[in-house]
Structure formats: structure tokens, C-alpha cells
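The next block holds one structure in the form of C-alpha cells; read it before the comments.
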Amino acid sequence: MIKALFLIFEPEEAWNRVALARRGPGCIVGLYLLPMMLIVGAAEGFGLAKWGRWQPVMGQNKIFPVREAFFYETAELLLMAIVILAAAHFIKALGDTFHVRNTYTETLTVVTYGLSPVFLFRLLDVFPTVNLCLPWAIGIMLTAKILYHGVPRIMHPDPPVAFGLYVMSAILLAMVTGLERFITAGCLGGSFKPVDSLISNLAARLPF
């Protein structure tokens, strides 16, 4: 989370440190992405079990049992992990269209560190009345800001295509994370009743 603040307020210096570290996929996921996701998941899960989530469909605030909160957060983190890994692949393919040859490690670095503000502001999800789209909107705008420095520093595109690659990468991340947020908000907001029933049934089978 501290790295996210550096990327927001000192993006050039922070990206230089990321580039010089030259971490592999295992280190990026294990030492940065996974801890960040676990912190956010724990905070969100605590909020669901302690204060609940306002459900506009039902017109009430629902306090989630600990088991259900655990399942919701596990499913949400898995979905976000899939989004990140897929987005890295898509940006790599996008770079190919701009005649930029990057490794998957480079695009995974851009996506993982670039989405740091999205994770940071998801800590606001602990408050039951906060619209889940608001933290995402703030986070993705800051992601677009720091990608402006990250894409050229990590992916090394030729100057004529650098801005185009940056814009398309930012749009792509906004789309895929926006879809994830739509699904998450729908589930927690009570809009997807079959999902609620499935998670309730699975949670009832947990031994704790």
C-alpha cells in the first residue's frame, strides 16, 4: 500500500525503482500483488461482517455472516486475480499491434503496479453506505495518471506510438476492472439472487 502512495505522488521515481528491481512474475505476484489483495480482502470482509452492505434492491442494510463474508471476499479476490492476469495478456497483445515486443513479465508489472490506486481506494468499501463504484472511479483515474509514466518506462515503446499505447492500455484496464466492479457491486447489492443463494449454501457447509 505504501508503494501505491509513492506511485501516486512520485510516479517517475517509483517507476524507476520498479524497473531497476527487475522482478519476475513470482516476485511480483507473491511479494506485491498477493499481500495487497489479502489486505484489501481482509478489510472488506471485516466491513461486511461488522457493518454490512447497503442493498438498494432490498432497501435495507445486510450484515453478512462471517462465513458468507469469507466466501464473497474469496470469490472477489479470485475474480480480480483473473482480471489482472488476463489484462496483462491483453496489453501484451495490444503492444504487438503497435509493433512493441514485450514480455509477459513487463506487462504484468505495468498492470499490477498500475492498479495499485484501485486497490488502495477499495479500502473505502468497508463503509456500508459508500457506493462501490466511487472507490473504483477514483482509483482508475489515478491509475490512468500513473500509467502515463509506467507504460513508457517499463514497456519501452517507440516515441511515435507511446501515447497511443498508453491510452489504449488505460482504457483496457478501465473496462476490465469496471466489469469486475459491476459484478461485485451487483452481488453485494443483492441484485444477483442466484449468487446469494449459492454462497449461502456453500457457507453453511463450512466447518467453522
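The values are calculated or read from the model by the stated rules, or taken from the named source; none is laboratory data. Here the structure is a predicted model, which means the values were calculated and not measured. No Cβ is skipped: glycine too gets one built from the backbone with ideal geometry, and neighbour counts run over all protein chains shown.
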Here the residues within segment 118-130 that are in contact with a helix residue (DSSP H, G or I) (Cβ under 8 Å, 6 or more places away or on another chain), farther than 12 Å from Leu173 by Cβ and not aromatic (Phe, Trp, Tyr) are Leu120, Arg122, Leu123, Leu124, Asp125, Val126, Pro128, Val130
Considering residues that are farther than 17 Å from Phe192 by Cα, surrounded by 15 or more Cβ atoms within 10 Å (Cβ to Cβ) and out of contact with any helix residue (DSSP H, G or I) (no Cβ under 6 Å at 6 or more places or on another chain), the number found within segment 66-79 is 1
(1) without any contact (Cβ under 8 Å) to a residue 40 or more places away in the chain; (2) touching a helix residue (DSSP H, G or I) at 6+ places or on another chain (Cβ under 7 Å) all hold for Ser169 apart from (1)
A careful count of residues in segment 130-142 that are assigned to a helix (DSSP H, G or I) and not hydrophobic (A, V, I, L, M, F, W, C) gives 2
Residue count, segment 99-129, condition assigned to a loop (DSSP other than H, G, I, E, B) and either surrounded by fewer than 17 Cβ atoms within 10 Å (Cβ to Cβ) or touching a Pro at 6+ places or on another chain (Cβ under 6 Å) (or both), comes to 6
Those residues of segment 10-45 which are under 24 Å from His156 (Cα atoms), assigned to a helix (DSSP H, G or I) and either in contact with a helix residue (DSSP H, G or I) (Cβ under 6 Å, 6 or more places away or on another chain) or in contact (Cβ under 8 Å) with a residue 40 or more places away in the chain (or both) amount to Pro11, Glu12, Ala14, Trp15, Asn16, Val18, Ala19, Pro25, Ile28, Val29, Tyr32, Leu33
Examine segment 193-205 for a residue that is surrounded by 14 or more Cβ atoms within 10 Å (Cβ to Cβ), at pLDDT 85 or above and under 22 Å from Gly47 (Cα atoms), and state whether such a residue exists. no
Within segment 46-62, of all residues that are of a type in the set (A, V, I, L, M) and outside any helix (DSSP H, G or I), the one farthest from Gly186 (Cα to Cα) is Met58
Condition set of a type in the set (Gly, Ala, Ser) and more than 15 Å from Phe121 (Cβ to Cβ), scope segment 1-21, selection surrounded by the fewest Cβ atoms within 10 Å (Cβ to Cβ): answer is Ala21
When segment 80-94 is checked residue by residue, the ones that are β-branched (Val, Ile, Thr) and either surrounded by 14 or more Cβ atoms within 10 Å (Cβ to Cβ) or farther than 16 Å from Cys187 by Cβ (or both) are Val83, Ile84, Ile91
